[in-house]
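I'd like to ask you about the structure that follows.
The values are calculated or read from the model by the stated rules, or taken from the named source; none is laboratory data. This is a predicted model, so every value here is computed, not measured. Cβ atoms come from the backbone with ideal geometry, glycine included; neighbour counts cover every protein chain shown.
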Amino acid sequence: MSQRDQDIYSSAPLRNLLAEETVALAPGLQRCSGTHALMISVAADDRPPVLPLLGNWTRLSVAGQQYGGDLTARADEPLPFVDDAFHLVLLRHALEVSTTPQDMLEEASRVLAPGGVLALTGLHPFSAWLPWMMWRTRGHAPSMHSPLLLERWVRRRELDIERIERVGRLWPSSHAGLDATHAFGGGYLLIARKRRRMATPIRLKPKALPATVNVGLAPGARRNAAS
């Protein structure tokens with residue numbers, strides 16, 4: 001998807017959809033806590049949600065083969081972060097513009113700490129938004145992934161699904177809707193949590209118990225119960 005076609009995410013309908021996604025995500029993310037979070041978004045000026053227990057965000061925007069934002073890197077290479085670096089990873093329409101969406105999802109899982117939350121949003125392929133996107137992009141619409149397909153991808157990466165739902169209006173509109181969620185909305189959200197690693201039990205060395213000593217008795221003698 002070219003940069004010119006990707007500029008469609010700056011249009012009023014898609015900006016409204018991003019706003020509706022933020023509202024819909026809020027209940028599932030309010031309890032996220034930790035020191036750092038990562039957001040990878042299709043929109044360069046996208047802002048992460050305000051979370052009371054998590055305030056340090058690293059923000060990246062993806063366009064073709066490049067990441068921009070708080071740092072610059074190639075999008076077709078591993079993310080420049082250590083394993084388990086973030087307690088929340090938010091991908092906002094990033095998979096649908098990525099040339100290697102499964103690799104991006106793999107990297108998002110790698111940098112997510114055990115017990116951390118992965119949140120995905122995107123355009124739903126079975127919605128009235130598809131023909132509009134095809135028209136606006138002259139047939140070069142982004143790759144819309146079904147939540148059912150994403151669910152399979154996510155479960156392969158030590159993540160448990162907590163929530164999947166449709167988001168936004170039935171069709172593109174320049175006016176934001178009052179209700180962020182709709183059974184046939186143009187977008188979707190998926191929230192999953194990374195499984196905590198099993199603790200390896202320590203093999204304890206048995207402690208030798210001292211032998212019982214019968215003080216005052218000669219070897220082989222028995223104490224008289226009647227005495």
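Considering the stretch 158-168 alone, what residues qualify as being assigned to a loop (DSSP other than H, G, I, E, B) and either acidic (Asp, Glu) or modelled with pLDDT under 90 (or both)? Can you show your working first?
Going through the stretch 158-168, the residues assigned to a loop (DSSP other than H, G, I, E, B) turn out to be 158, 168.
Once the filter is applied, which keeps residues that are assigned to a loop (DSSP other than H, G, I, E, B) and either acidic (Asp, Glu) or modelled with pLDDT under 90 (or both), the stretch 158-168 yields only GLU158.
So, in the stretch 135-154, of the ones that are in a loop (DSSP other than H, G, I, E, B) and of a type in the set (A, V, I, L, M, F, W, C), which residue ends up farthest from PHE184 (Cα to Cα)?
In this case the residue turns out to be ALA141.
Moving to a separate point now. For VAL154, are the conditions met, namely being under 26 Å from ASP7 (Cβ atoms) and either modelled with pLDDT of 95 or more or under 20 Å from the mean Cα position of the chain (by Cα) (or both)?
Spelling it out, it is not the case that VAL154 is under 26 Å from ASP7 (Cβ atoms) and either modelled with pLDDT of 95 or more or under 20 Å from the mean Cα position of the chain (by Cα) (or both).
Given the criteria over 18 Å from the mean Cα position of the chain (by Cα) and either modelled with pLDDT of 90 or more or in a loop (DSSP other than H, G, I, E, B) (or both), does SER109 qualify? First the steps, then the outcome.
Values: over 18 Å from the mean Cα position of the chain (by Cα): no; either modelled with pLDDT of 90 or more or in a loop (DSSP other than H, G, I, E, B) (or both): yes.
Taking the combined requirement at face value, the residue does not satisfy it.
Could you please give the count of residues in the stretch 71-94 that are assigned to a strand (DSSP E or B) and either closer than 22 Å to LEU18 by Cβ or in contact with a His (Cβ under 9 Å, 6 or more places away or on another chain) (or both)? So that I can check it myself, show each step before the final result.
Pass one, the stretch 71-94, residues assigned to a strand (DSSP E or B): 73-74, 86-92.
From the residues that got through so far, the ones that are either closer than 22 Å to LEU18 by Cβ or in contact with a His (Cβ under 9 Å, 6 or more places away or on another chain) (or both) too are 86-92.
Matching residues across the stretch 71-94 total 7.
Restricting the stretch 10-54 to residues that are touching a residue at least 40 places away in the same chain (Cβ under 8 Å) and of a type in the set (Asp, Glu), which is farthest from MET104 (Cα to Cα)?
GLU20
Still on this model: Looking only at the stretch 135-176, which residues are within 16 Å of GLU21 (Cα to Cα), among the β-branched types (Val, Ile, Thr) and surrounded by fewer than 17 Cβ atoms within 10 Å (Cβ to Cβ)?
Passing the criteria: only ILE164.
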